[in-house]
1. What are the pairs with Cβ atoms under 6 angstrom where one residue, in the stretch 64-77, is farther than 13 Å from Val51 by Cα and the other, located anywhere, is open to solvent by 60 Å² or more (accessible area, probe 1.4 Å)? Sequence gap at least six, or different chains.
2. Scan the stretch 29-39 residue by residue and report those that are farther than 12 Å from Thr109 by Cα, open to solvent by less than 30 Å² (accessible area, probe 1.4 Å) and not β-branched (Val, Ile, Thr).
3. I need the full set of residues from the stretch 40-56 which are open to solvent by 60 Å² or more (accessible area, probe 1.4 Å) and either under 11 Å from the mean Cα position of the chain (by Cα) or of a type in the set (Val, Ile, Thr) (or both), in order please.
4. Within the set of pairs 6 or more residues apart or between chains, which connect a residue that is within 18 Å of Ser7 (Cβ to Cβ) inside the stretch 24-40 to a residue that is open to solvent by less than 20 Å² (accessible area, probe 1.4 Å) and part of a loop (DSSP other than H, G, I, E, B) with Cβ atoms less than 8 Å apart?
5. Residues of the stretch 105-115 being at negative phi and surrounded by fewer than 19 Cβ atoms within 10 Å (Cβ to Cβ), which ones?
6. Condition check: surrounded by fewer than 14 Cβ atoms within 10 Å (Cβ to Cβ), of a type outside the set (Val, Ile, Thr), over 12 Å from the mean Cα position of the chain (by Cα) and not in a strand (DSSP E or B). Does Gly26 satisfy that?
7. Confirm whether Asn84 is on the phi > 0 side of the Ramachandran plot and touching a Ser or Thr at 6+ places or on another chain (Cβ under 9 Å).
8. Out of all the residues in the stretch 71-103, which are polar (S, T, N, Q) and open to solvent by 50 Å² or more (accessible area, probe 1.4 Å)?
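The values are calculated or read from the model by the stated rules, or taken from the named source; none is laboratory data. These numbers were taken from a predicted model, which means no experiment stands behind them. Note: ideal-geometry Cβ built from the backbone for every residue, glycine included; neighbour counts use all protein chains shown. Quick note on the areas: whole protein, heavy atoms, side chains included, nothing else; ligands and nucleic acids left out. Shrake-Rupley method; radii C 1.70, N 1.55, O 1.52, S 1.80 Å.
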Amino acid sequence: QVQLEESGGGLVQAGESLRLSCVVSGSIFSFNTVGWYRQAPGEQREMVARVFRGGTTDYADSVKGRFSISRDNAKNTVDLQMNNLKPGDTGLYYCRAASQRGEAWGQGTQVTVSS
């Protein structure tokens with residue numbers, strides 16, 4: 001069974017940066033898509049950024065130009081570099097890996113941005 005483990009969350013001030021990392025047990029290359037999602041209190045979970053096997057990336061409009069996702073198939077990791085963080089970026093960030101066989105989620109890492 002595939003397991004995903006996130007790390008790198010924390011409490012920062014607006015304008016600062018954080019880097020999230022997700023380690024996938026097993027071959028990340030077997031997944032069509034790996035990405036990051038977040039859920040703020042009282043809100044639905046939303047896609048933040050994802051990267052496809054071929055390297056194409058997709059970002060939520062709210063993070064374009066500030067966040068960058070990278071995938072390392074050799075290390076089975078997917079990282080999310082978050083710059084110029086805003087209070088609206090606060091939430092529980094989840095790593096997700098998806099293929100035609102299904103999907104797997106991590107337990108989440110908390111990101112809190114104070115104004």
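1. Partner pairs satisfying both residue conditions: Arg66/Asn83; Arg66/Asn84.
2. Step one: of the stretch 29-39, the residues farther than 12 Å from Thr109 by Cα are 29-35.
Next cut, open to solvent by less than 30 Å² (accessible area, probe 1.4 Å) only: 31, 33-35.
Answer for the stretch 29-39, where residues must be farther than 12 Å from Thr109 by Cα, open to solvent by less than 30 Å² (accessible area, probe 1.4 Å) and not β-branched (Val, Ile, Thr): Phe31, Gly35.
3. Filtering the stretch 40-56 down to residues open to solvent by 60 Å² or more (accessible area, probe 1.4 Å) leaves 41-46, 50, 52-54, 56.
Glu46, Arg50, Thr56, listed by residue number.
4. Filtered contacts from the stretch 24-40: Val24/Phe31.
5. Hits for the stretch 105-115 are Trp105, Gln107, Gln110, Thr112, Ser114, Ser115.
6. Answer is no for this residue.
7. Details: on the phi > 0 side of the Ramachandran plot: yes; touching a Ser or Thr at 6+ places or on another chain (Cβ under 9 Å): yes.
Yes.
8. The first filter runs over the stretch 71-103 and keeps only residues polar (S, T, N, Q), leaving 73, 76-77, 81, 83-84, 90, 99-100.
Result: Asn73, Asn83, Asn84, Gln100.
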